[in-house]
Amino acid sequence: MVEGHHVFTASRLSSGNLIFPVRIEVNQNRVTRIKPRLFGSNEESIAISKVASVNIQTGLVWSDIRIDSAGGSNPIVSHGHLKDDARAIRDLIERFQHAPRASQGPDA
């Protein structure tokens, strides 16, 4: 099962996430990094089909994740995720990339 919308929030105990922790949202269309601010938020996204690689650097407790785009745009980088969450993000991206697309015809 790969359907749905999955949200992963960085730990408030990690650097830069105390007041407004970063969220990574993954769905069948895109992966989005959302950094909330006092007024509004900053969002970066990459289409699932354009994700070239996912790099995870694990520490004792927290992991950093870097999602590179095949289109040459800046990568999505996020710090302070649990190791299991970082791996789940990677696994979801891979599953969504390999899942058949209902909106595409047989020639796609």
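Each reported figure results from applying straightforward, stated rules to the coordinates on display, with no laboratory input. Model, not experiment: these values are computed from the prediction. Positions of Cβ are backbone-derived with ideal geometry, glycine not excepted, and every protein chain shown enters the neighbour counts.
Each Cα pair under 8 Å and six or more residues apart adds its sequence gap; the mean of these over the residue count of the chain is a relative contact order of 23 percent.
Extending 7 Å from Cα along the Cβ direction at Arg87 and again at Leu18 yields two label points whose distance is 3.1 nm.
Seen against the Cα atoms of the chain and their longest principal axis, helix 83-98 is set at about 20 degrees.
3J(HN,Hα) along segment 41-52, derived from phi through the Karplus expression 6.51 cos²θ - 1.76 cosθ + 1.60 where θ = phi - 60°, amounts to 7, 10, 10, 10, 9, 9, 4, 3, 5, 9, 6, 8 Hz, with x in place of Gly and Pro.
Across all directions of projection, what mean area in square nanometres is found for the Cα convex hull of segment 6-98? Working shown, then result.
Working: hull surface 22.5 nm².
Over every viewing direction, the Cα hull of segment 6-98 projects on average to 5.6 nm².
Within the listed set Arg90, Arg66, Arg37, the Gaussian network model of the chain (springs between alpha-carbon atoms below 10 Å) gives the highest mean-square fluctuation for Arg37.
Expected output is a single nm value to one decimal: the length gained when fully extending between Ala70 and Phe39, i.e. 0.36 nm times separation in residues minus the C-alpha distance. What is it? Each step should come with its number before you reach the end.
Values: separation 31, 0.36 × 31 = 11.16 nm, distance 3.16 nm.
Full-extension gain reported as 8.0 nm.
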